[in-house]
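The values are calculated or read from the model by the stated rules, or taken from the named source; none is laboratory data. Because the structure is predicted, anything quoted here is derived from the model rather than measured. Quick reminder, even Gly has a Cβ in these numbers, built from the backbone with ideal geometry, and neighbours come from all protein chains shown.
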Amino acid sequence: MTDFFANFLNPEKRLFVGYLISAAFIAIIWIRMVQKKPLANIVSGFFNSNIWFSKSAIADYKLMVFNQFFIKLLAPILVGQLALTLFVFENMHLLFSRPSTSIPVWMVMLIFTSVLFILDDFSRYLLHRLMHRIPLLWRFHKAHHSATNLTPLTVLRTHPIEAVLFSLRAVIVHSLCLGVCFFFFAGSVSLIEIFGSSMFVVIFHSLGSNLRHSHVNLSYWNWLEKIIVSPAQHQIHHSINPKHYDSNFGAILAIWDNLGDSCIVSEKNQEIKFGLKGQSEKAHNLKNLIIGS
Amino acid sequence: MFNKRFTAKAVPLTVVLTSAILISSSSFARSNVYADFPITLKDYSGSATTSVSYKGQMARHALESSLKKLISKGDVSAMQSYYSGGSADRAIIAPATKGDFVIMQSTIGELSSKNLSGKTYKGLIPGWPGNMTGPEVVAFMFEKAADAEGGYDAAHAYDYTQLVSKFLMGAVMYNQAVDNYLDEKLEADTKPNNKPYKDGAAYTGKEHVWDEAFGYFGAPSHTLTLTAQDVYNIAKQKDVTAADYNYDGKVDLYKEMAFGHAYYASSFDKGGKTTYLHDIVGAYMDGRDMLVAANATALSNSERDQLKAYAQVIKTNWEKVIAEAVFKYAGETYEDMVKIEAILESNGDVSKAWRNYSKHWGELKGFALALQVGGKDMGATSVRLNRLIGHSPLLLGNTQVTGVDSNGEYIQSNSESWGGYMAHMLKVQNLMVDEFAVVAKSHDQTAGLAALVDSLGAKSSAEND
Ligand SMILES: [Zn+2]
């Protein structure tokens, strides 16, 4: 259970209370200033039991709890990460000569933090795209897309196999990035951190990343949505409408979608229904989420 | 019972110490100086006042450190005389008096007219080319050292001073202690504790076995009263106050000097992460106290088990000290290779960096060979270590010595790339971590990497949208 609460107390996690609060503030400002709705409606909207206690949301909670037990099995994957990092570092010697001149630590930190961020984000995009495009993987990812209501907790509505795949992705990306950067910059390699988490990740989460799984369709200017994925764009990704299928796979950067021709920018006052076309009520049963129907 | 150390101190301190002894007399059972253990043999009739004796071991340390100086002089007969001769007049070339660090003895005979050859590990040395035994490797290195200017063969990057010194520390001191004295000589039927070691001796069989093993480690007898830094400074001849335990103004090579692996243990321990030196000397002390308590009776099985347990503490820690040295010099060799590559890329003069590379590799090789003569079968670890290091450093043109021909000349063959051999050094470091759980990790080339992996490992890695 401590792992469960860590989701809310750890600034490395999206569900950290600080990010939830900042998302709420951003939502209030957005709905009040842009959509001009009365404050009372906004607040009652936040505590709408039709959303928080919907079948879909309850399914989120069940899967979250189920995954808490499953996630323990991921520990050995993380152990393999040091071995893989060393492997990458050692093999770099066969390809390049080890630089003997040192560059300033701040520059190393900036390079490492940026490279890690870009590689991390790209690999998320790529795997997410594969989760949709490869039928076998879609069977697992479907569990996430069967949500008909989106709340910040929907981020944890993930099939355990998908969680494993994303962990493996992280191990590979981190090992590559660390092994290569350590080769070129040795001991000066470190992450620019805020609250013990990558600067970029903290900024992304502080700016309302939790709203992507919500009914607040916060959008950016269309030009910005071609660079960074807005909450409204991610809601399009969850849309039941076939014209929205296979779009906006990106996690933070929309650049990858833009290059891969899968970027759809938001429209003013878009009304989007979430879920899978033709899904039955049973889709929210834990058994169906895990084993499929 | 008060020795000079106490009488030399100011009165208030003696008062404090006396009362401290009175208060804690029961917990004061364990002595902290490896000296003056009483004679337990009832029938002893000689003039000795203590049963402790390990002068022969300290003579061998003095021979080894003197030989280290002789290698660069190129005189093979001098090298042989220190290695296998028996003359008492052989001068102690090192350690020699340096400023106020006055050495009591000046000839080997003042300690004991011993040699090193008789005690060199006789088995095959697979980590050195030419299928030679321990003494053959030494003789071969002497010849090669004499041919090379100052004991340094730049063409093959061999530093014979380091190679001979570090190999002998293993093949003589380490091997004798852990594979002989702390091994078969602890059995019931060899050197029993209810008989003199030899006729007329002031010590029992087991007492002397234990003392000889202690001598080979090379620690000052008062190590437990000193910090690792003190012992390090003694070996470096920088702190006469720490060395001169009996305040006679001289450093007694028998009891007050730090040599060999004890010096290396102190060099790692002074970093604060390890306590090899005190763990080893403490175990020697515990074993010796037990032998005093046995009072010249044959040891029971359980007593011998206890003694073997102390021996195991010594062996394990000693092995780790050598593994730490292998780790350290693999790291230094790696660093030298980074420098050499950079100098070559800028077309600079590589000779000084090459000299360091040869020196550090020589230490690496010497310690790696030493690690393998502890009498235990290291199996695959041994093979892996020897293959990773090879028979010589990687030479320019990416060749390595792979053998010795019938004329005793080195044979070179194509080998790894420069970076490939650097990766070997990293693997040597990993091997020392995996197989010997080294902790001090001097010159760790992947320091911080594990921490970086940890810090990234936990981050929201499983989260997806
Ligand atoms: Zn998706």
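Residue pairs whose Cβ atoms lie under 7 Å apart, sitting 6 or more positions apart in sequence or on different chains, and linking a residue in region B:190-202 that is assigned to a loop (DSSP other than H, G, I, E, B) to a partner that is among the aromatic types (Phe, Trp, Tyr), are B:Lys191/B:Tyr197; B:Tyr197/B:Tyr203; B:Ala202/B:Tyr44. Kindly check whether there is at least one residue in region A:194-213 that is surrounded by fewer than 18 Cβ atoms within 10 Å (Cβ to Cβ), touching a residue at least 60 places away in the same chain (Cβ under 8 Å), in a helix (DSSP H, G or I) and within 15 Å of the ligand (Cβ to nearest atom). No, because not a single residue in region A:194-213 is surrounded by fewer than 18 Cβ atoms within 10 Å (Cβ to Cβ), touching a residue at least 60 places away in the same chain (Cβ under 8 Å), in a helix (DSSP H, G or I) and within 15 Å of the ligand (Cβ to nearest atom). Among the conditions (1) outside the structural domain of B:Tyr203 (by TED's automatic domain parsing); (2) touching a residue at least 12 places away in the same chain (Cβ under 8 Å), the only one that B:Glu136 does not satisfy is (2). Scanning region A:86-124 for residues being within 11 Å of chain B (Cβ to nearest Cβ), farther than 27 Å from B:Glu341 by Cβ and either in contact with a Lys or Arg (Cβ under 6 Å, 6 or more places away or on another chain) or modelled with pLDDT of 95 or more (or both) gives a total of 1. Screening region A:156-171 for residues that are within 15 Å of the ligand (Cβ to nearest atom) and more than 9 Å from every other protein chain (Cβ to nearest Cβ) and picking the one that is modelled with the lowest pLDDT gives A:Arg157. Of all residue pairs spaced 6 or more apart or on separate chains, those with beta-carbon atoms under 8 Å, a first member in region A:260-288 that is among the acidic types (Asp, Glu) and a second member that is surrounded by 13 or more Cβ atoms within 10 Å (Cβ to Cβ) are A:Glu281/A:Lys55. When we screen B:Asp465, B:Asp444, B:Asp454 for residues that are at pLDDT below 95, more than 16 Å from the ligand (Cβ to nearest atom) and within 14 Å of another protein chain (Cβ to nearest Cβ), the only hit is B:Asp454. The number of residues in region A:145-155 being in contact with an Asp or Glu (Cβ under 7 Å, 6 or more places away or on another chain) and within 14 Å of the ligand (Cβ to nearest atom) comes to 3.
For region A:240-259, the candidate set comprises residues that are closer than 13 Å to A:Arg124 by Cα and in a helix (DSSP H, G or I); within that set, the residue that is farthest from the ligand (Cβ to nearest atom) is A:Ile255.
Taking region A:175-190 as the search range and keeping residues that are within 8 Å of chain B (Cβ to nearest Cβ) and farther than 13 Å from A:Leu119 by Cβ, which one is farthest from the chain's Cα centre (by Cα)? Across region A:175-190, the extreme among qualifying residues is A:Gly187. Quick check: is even one residue across region A:266-285 away from chain B (no Cβ under 14 Å), at pLDDT 85 or above and within 17 Å of the chain's Cα centre (by Cα)? The answer is no, given that none of the residues of region A:266-285 is away from chain B (no Cβ under 14 Å), at pLDDT 85 or above and within 17 Å of the chain's Cα centre (by Cα). Number of residues in region A:196-231 that are of a type in the set (D, E, K, R) and either touching a Cys at 6+ places or on another chain (Cβ under 9 Å) or away from every other protein chain (no Cβ under 14 Å) (or both) equals 2. Residues in region A:260-274 that are of a type in the set (Gly, Ala, Ser) and either more than 16 Å from the ligand (Cβ to nearest atom) or on the phi > 0 side of the Ramachandran plot (or both): A:Ser266 only. For the list (1) within 16 Å of the ligand (Cβ to nearest atom); (2) out of contact with any Asp or Glu (no Cβ under 9 Å at 6 or more places or on another chain), I need the number of the one condition that A:His237 fails. All conditions are met except number (2). Among all residues of region A:3-24, there is at least one that is surrounded by fewer than 13 Cβ atoms within 10 Å (Cβ to Cβ), touching a residue at least 60 places away in the same chain (Cβ under 8 Å) and either among the hydroxyl-bearing types (Ser, Thr, Tyr) or within 12 Å of chain B (Cβ to nearest Cβ) (or both).
Looking only at region B:287-300, decide whether some residue is closer than 15 Å to B:Ala228 by Cβ, touching a residue at least 12 places away in the same chain (Cβ under 8 Å) and among the acidic types (Asp, Glu). Checking region B:287-300: not a single residue is closer than 15 Å to B:Ala228 by Cβ, touching a residue at least 12 places away in the same chain (Cβ under 8 Å) and among the acidic types (Asp, Glu).
Determine whether B:Lys441 is part of a loop (DSSP other than H, G, I, E, B), basic (Lys, Arg) and out of contact with any Gly (no Cβ under 9 Å at 6 or more places or on another chain). No; evaluated as a whole, the condition is false for this residue.
Remark: pairs (first residue in region A:141-154, touching a residue at least 12 places away in the same chain (Cβ under 8 Å) and within 11 Å of chain B (Cβ to nearest Cβ); second residue within 15 Å of the ligand (Cβ to nearest atom) and among the small types (Gly, Ala, Ser); Cβ separation under 8 Å; 6+ apart in sequence or on different chains) = A:His145/A:Gly275; A:Thr154/A:Ala147.
Residue-wise test of (1) of a type outside the set (S, T, N, Q); (2) away from the ligand (no atom under 16 Å from the Cβ); (3) assigned to a loop (DSSP other than H, G, I, E, B); (4) more than 13 Å from chain A (Cβ to nearest Cβ).
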site	(1), (2), (3), (4)
B:Lys376	yes, yes, yes, yes
B:Ser382	no, yes, no, yes
B:Arg387	yes, yes, no, yes
B:Gly403	yes, yes, no, yes
B:Asn407	no, yes, yes, yes
B:Ser413	no, yes, no, yes
B:Val428	yes, yes, no, no
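Could you tell me whether region A:217-238 includes any residue that is surrounded by 22 or more Cβ atoms within 10 Å (Cβ to Cβ), at pLDDT below 85 and more than 27 Å from A:Thr113 (Cβ to Cβ)? Taking every residue of region A:217-238 in turn, at least one turns out to be surrounded by 22 or more Cβ atoms within 10 Å (Cβ to Cβ), at pLDDT below 85 and more than 27 Å from A:Thr113 (Cβ to Cβ). Comparison of B:Tyr83, B:Tyr121 shows that the only residue that is buried (at least 22 other Cβ atoms within 10 Å of the Cβ) and not in a helix (DSSP H, G or I) is B:Tyr121. When restricted to residues that are among the hydrophobic types (A, V, I, L, M, F, W, C) and either within 16 Å of the ligand (Cβ to nearest atom) or under 21 Å from A:Pro160 (Cα atoms) (or both), region A:95-121 contains 0.
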